[in-house]
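Visitor: This is the structure I have questions about; it appears just below.
The values are calculated or read from the model by the stated rules, or taken from the named source; none is laboratory data. Everything quoted here is computed from the prediction, not taken from an experiment. Cβ: placed from backbone, ideal geometry, glycine included. Neighbour counts: every protein chain shown.
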Amino acid sequence: MGLIIMSVAGFAAYMKHIHASAKLAYLNNRPLSKISNKYLVLSETFVVGMGLKIVISSYTEPLLLL
């Protein structure tokens, strides 16, 4: 268990060092900026989230899958 925690912490530190979250936000922002109705994206995300909530009962299960 300790090795898993250490490897996850190391991976998180590496991703922070290379600014992976900023790059991901930049890449995802380009196609989303072309959508004129932002509320449509919000409603679709809500529906997908509710569908996932039916299938995934707790927040621990996706963490274990990752």
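Visitor: Within the stretch 1-48, track down each residue that is at pLDDT below 90 and in a loop (DSSP other than H, G, I, E, B).
Guide: 1, 34, 35, 36, 37
Visitor: Going by the structure shown, is residue 48 among the β-branched types (Val, Ile, Thr) and either within 13 Å of the chain's Cα centre (by Cα) or surrounded by 10 or more Cβ atoms within 10 Å (Cβ to Cβ) (or both)?
Guide: Working: among the β-branched types (Val, Ile, Thr): yes; either within 13 Å of the chain's Cα centre (by Cα) or surrounded by 10 or more Cβ atoms within 10 Å (Cβ to Cβ) (or both): yes.
Criteria met by residue 48.
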